[in-house]
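Note sheet for the following structure.
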Amino acid sequence: MALYSEKVMDHFNNPRNVGVIEDADGVGEVGNAKCGDIMKIYLKIDGDIISDVKFKTFGCGSAIASSSMATELIKGKPLSQALELTNKAVAEALDGLPAHKMHCSVLAEEAIRSAIKDYYDKNGIEYDKTRFPDPHEEEEHHFEDD
């Protein structure tokens with residue numbers, strides 16, 4: 001059996017929604033110092049709907065595939081539905097990830113939550129703080145926006 005599914009390879013070789021949204025309504029950035037993967041998610045929100053989503057990921061193929069799949073799963077969806085996205089759902093949509101790469105799907109979930117929290121904070125929208133635990137970053141990482 002191959003280490004990576006065809007879907008993982010497809011999203012790695014042909015990632016969807018790569019890039020930056022210059023006037024993003026919400027931006028979330030998370031990283032894992034142990035593996036070096038860093039994800040940044042940009043959201044454009046119209047009403048309560050994620051009308052556009054882009055990502056920049058520095059990391060392994062599983063991190064890129066997880067970012068790509070996660071953006072596909074939330075694009076066009078209401079914020080409430082995007083908040084329900086779990087790392088397991090991302091991994092399942094990719095037809096699985098090796099156990100030692102599951103942290104990549106966790107980062108995708110955390111990046112989306114971080115971007116939604118940023119949107120809520122910028123707009124003074126009340127939210128249940130228990131739904132937004134602080135990511136367990138060990139050090140900060142930042143991308144230079146083009």
Relative contact order as a percentage, the chain, C-alpha pairs under 8 Å and 6+ apart, gives 30 percent
Output the pairs from K88/K117; K101/K129; K7/K101; K88/K122; K44/K122 with a Cα-Cα distance over 19 Å in this structure; if there are none, say none.
K88/K117; K101/K129; K88/K122
Put +1 on the Cβ of every Lys and Arg and -1 on every Asp and Glu Cβ in region 6-124; which of I49, C60, T86 then has its Cα farthest towards the positive end of the dipole?
C60
To make sure I understand, if each residue's beta carbon is the centre and we count other beta carbons within 10 Å, what order do L85, L94, L3 fall in, fewest to most?
L3, L85, L94
Full extension from D128 to E6: what is 0.36 nm times the residue separation minus their Cα-Cα distance, to one decimal in nm?
40.2 nm
Springs between alpha-carbon pairs under 10 angstrom, Gaussian network model over the chain: which of R113, R16, R131 fluctuates most?
R131
Once you've got the GNM for the chain with C-alpha springs shorter than 10 Å, pick whichever of S68, S51, S80 has the biggest mean-square fluctuation.
S80
Relative contact order of region 40-121 (C-alpha contacts under 8 Å, at least 6 apart) in percent is 31 percent
Highest-fluctuation residue, K44, K34, K101 considered, GNM on the chain with Cα pairs under 10 Å:
K34
Take every DSSP beta bridge whose two residues both sit in region 6-124, then give the antiparallel share in percent to the nearest 5.
95 percent
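We did not get these values from a lab; they are worked out from the coordinates using the rules stated. The shown structure was predicted, so the numbers you read here are calculated from the model rather than taken from an experiment. Methodologically, a virtual Cβ is constructed for each residue, glycine included, from the backbone with ideal geometry; neighbour enumeration extends over all protein chains shown.
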